[in-house]
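Comments concern the structure below.
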Protein chains: 2
Amino acid sequence: MISHKIVPNISVDCVVFGFDFEKLNVLLVKREMKDEKSGALLISDHTLAGYHIFDDEDLDSAATRILKGLTGLDNIFLEQFGAFGQLDRVSAPRDKMWLDYINQGFADRIVTVGYLALIDNTKVTLTLKDRDVSWFPVTEVREMEMGFDHKFLFYKALEALQRKVKVEPIAFELLPDNFTLSQLQKLYEALLGTSFDKRNFRKKVAQMHYVIPLKKKQQGVPHKPAQYYLFSREVYEKTRKGRISFII
Amino acid sequence: MISHKIVPNISVDCVVFGFDFEKLNVLLVKREMKDEKSGALLISDHTLAGYHIFDDEDLDSAATRILKGLTGLDNIFLEQFGAFGQLDRVSAPRDKMWLDYINQGFADRIVTVGYLALIDNTKVTLTLKDRDVSWFPVTEVREMEMGFDHKFLFYKALEALQRKVKVEPIAFELLPDNFTLSQLQKLYEALLGTSFDKRNFRKKVAQMHYVIPLKKKQQGVPHKPAQYYLFSREVYEKTRKGRISFII
DNA sequence: ATTTCATTGTGTACTATATACACATAGTTA
DNA sequence: TAACTATGTGTATATAGTACACAATGAAAT
């Protein structure tokens, strides 16, 4: 085990989205800080998963490392949505590394690079159980206890997600490998906060030759079983034209 | 004049685009470094405009400051296109601040935040004349002497520009306040590397109610004078629907 | 005064995509 | 065998995209 040097004034924050077939959720870390003597609750809120970068890793690697620690998963879809260096960003208590840094005459500044991560809920549920980490519906974040800076990052990530989802087929990252068209439709409705006509939605999907029907059908459901589909990135790459609009 | 503290390991690089009614250009700084004794040329290449951030400014302010120094202009269109922390990024000779930083035990790392800037050529020509700064056609960058990291940033910026220009009306930032439809068409053709049918292009622009014809016409041109138009951001904000595709 | 020149400005037919809208079907459960 | 629940399908209309050619303007040259 190598001991990494931390870069004190550069951090990465991950906004992790998941979909439970009903609504869009975000992965947050519960934080509780108590006074050492009295045991009184000083802070009780939620934070994004984030940490300083190490001196021997690039930004993407730092985000990957953080997500691995959080979910146990490698190969998570990751994309930067911005770098943030507001002067009033830092509100958290400072660790020793950081205080050393300031004492040596360097500026009391953090720049954080925001990553948005999309994960397939069905793959991660097990790994989370003994951590202070859980899913929260994105629609509830507004009312939650959460530091101003992290709430800001969350909304920037959500905006970026809504923008990108219309232009690139990244929403499939939120679904299991096999999914039904109703699940896909519910996902887009949750992402964009709209609703679509079922027939028109399916007509549109039918034009996307990279969404491929399987032989497999749903089993054990108390209604007509739905057909499963898969998303083929390979076919997507081959058949995409200069077209922009992906859905809507 | 306040003396600013520099944050040694965080920088901002600006990729500045301009349009001369013929082609898309990028603003680069010529760099020549000679050996102090022999006078032999050590480096002769081009760099992006960039510098470390100060401890009392946020990232946008740093980019604004750099552009002000370069062009004399305030109010330049600016947008982040990414943060970059590749371990092999740093190749430039180190200044004292940076060496101090390393000597104090901190990591030998720079993270740079890339900004893409769009400027109206007609407003900037004067201010540039006595600087080692000039316009280069983007099509020539491939063959130019330029550090690997800056070339990489340039291409990332160009990709981001081509993506954004299709989805938001930012191309107008590259034109003067009044412009002709032929100029607008040439601009999109230069940006995207394609060509459009004149009648169809104009039909499309006619649907954009925020591109407004003026009474004014071209004067002194040796052919039928073109009508001038202006872009109204106000009308754009009011009339845009959920639509994605802007041009193409 | 007339011609030449360069660039602007316009219309139509055809194709493709977007939108609005209602009912039969499959398979489980009661 | 009847009831339930979600799946899966088609058509008519409106809107947007594409392909394509020639007359009009005003300056400059003869």
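Where a number appears in this text, it was derived from the coordinates with a stated rule and is not lab data. The structure presented is a predicted model; accordingly, all values stated were derived computationally and were not measured. All Cβ positions, glycine included, derive from the backbone under ideal geometry; neighbour counts span all protein chains shown.
Structure notes:
- Between identical copies, the spacing of residue B:99 label points, each set 7 Å from Cα toward the C-beta atom, reads 3.2 nm from nearest to farthest.
- The H on the amide N of residue A:51, modeled in the peptide plane, is under 5 Å from the matching H of A:12, each at least 5 residues off or on a different chain.
- Take every pair of alpha-carbon atoms less than 8 Å apart whose residues are at least six positions apart; their mean separation over the length of chain B yields a relative contact order of 22 percent.
- Per residue of peptide B:47-54, the mean number of Cβ atoms on other chains within 10 Å of the residue Cβ is 1.
- Each stretch of four or more DSSP H residues adds -39500 (n - 2.57); spread over every residue of the protein assembly as shown, this sum gives -8500 deg cm²/dmol at 222 nm.
- This ranking places B:202, A:142 by how few other beta-carbon atoms lie within 10 Å of each, fewest first, which gives A:142, B:202.
- Total lysine pairs whose alpha carbons fall under 16 Å of each other in the range B:6-165 (8 or more apart, or interchain): 5
- Number of Lys-Lys pairs in the range A:194-240 with C-alpha atoms under 23 Å apart and a separation of 8 or more places or on different chains: 16.
- Cβ neighbours within 10 Å from other chains - mean over B:98-108: 4
- Within straight-line cross-link reach of residue B:186, aspartates and glutamates at Cα separation under 20 Å, skipping those fewer than 8 residues along the same chain: B:20, B:22, B:120, B:140, B:159, B:168, B:173, B:177, B:197
- Under the Karplus curve 6.51 cos²θ - 1.76 cosθ + 1.60, θ = phi - 60°, whole-Hz ³J(HN,Hα) for the range B:204-221, x wherever Gly or Pro sits: 5, 4, 4, 6, 8, 6, 8, 9, 10, x, 9, 5, 4, 10, 4, 10, x, 8
- Exercise: per-residue mean of other protein chain Cβ atoms within 10 Å, B:6-15: 3
- Shape class for chain B, computed from the alpha carbon gyration tensor (a ≥ b ≥ c): prolate, with a/c not under 1.5 and a/b above b/c.
- Axis angle, to the nearest 10 degrees, between helix B:59-71 and the longest C-alpha principal axis of chain B: 80 degrees.
- For residue B:81, nonlocal amide neighbours, meaning residues 5 or more places apart or on other chains whose placed amide H falls under 5 Å from its own, are B:114, B:115, B:116.
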